[in-house]
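Heads up, the thing below is written out as structure tokens.
All of the numbers you see were taken from the coordinates with simple rules; none came from a lab. The model shown is predicted, which means the values in this text are computed figures rather than measured ones. Don't worry about glycine lacking a Cβ; one is built from the backbone with ideal geometry, like all the others, and counts go over all protein chains shown.
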Amino acid sequence: MPYLKALPLPTQLNAPFWAGLRQHEFRVPRCLNCGDFNWIPYPACRTCLSENQEWVTASGTAEVFSYSVVRQSFGAFSGDVPYVVVLAKLTEEPRPCIVTANLIGIDPEAIKVGLPIQVVYEDLPEEDLTVFRFSPADA
């Protein structure tokens, strides 16, 4: 079956991220000058403005920083309601690395700020792409 939901558009700037997902690795840029992690990918560190960054594999563990339960949707997403969108704070520090994604595998009423979660991967062979979501860490 074709994948009918919106697909990301990988660019030269975020290509290492998408290549990592294909290998089931969650990669983020880290500044080689100050050591901070930077999300979303940007040409310069948001802390010290250095352009000296490298892509590193993050742990994929996080906690719910904030969330929203979507109860009405349209198109290809209408069959998924209710679904949860989280702001996930990765465990990598020193600078908080906040990532937005869907949270799956949990009743929306059971979600709370601080809930331990982890990255999960979904390969889309027909699209030659891998996407990520979060699920509860104990799942």
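So if I check each of 100, 130, which one is part of a strand (DSSP E or B) and touching a helix residue (DSSP H, G or I) at 6+ places or on another chain (Cβ under 7 Å)?
Details: 100 fails: touching a helix residue (DSSP H, G or I) at 6+ places or on another chain (Cβ under 7 Å).
So the residue among 100, 130 that is part of a strand (DSSP E or B) and touching a helix residue (DSSP H, G or I) at 6+ places or on another chain (Cβ under 7 Å) is 130.
Only a single item in (1) out of contact with any Leu (no Cβ under 9 Å at 6 or more places or on another chain); (2) within 19 Å of residue 98 (Cβ to Cβ) is not met by residue 59, and it is number (1).
Pairing residues of the stretch 68-91 that are polar (S, T, N, Q) with residues that are not in a helix (DSSP H, G or I), at Cβ distances under 7 Å and at least 6 apart in sequence or on separate chains, gives 68/85; 72/81; 73/81; 91/59; 91/61; 91/62.
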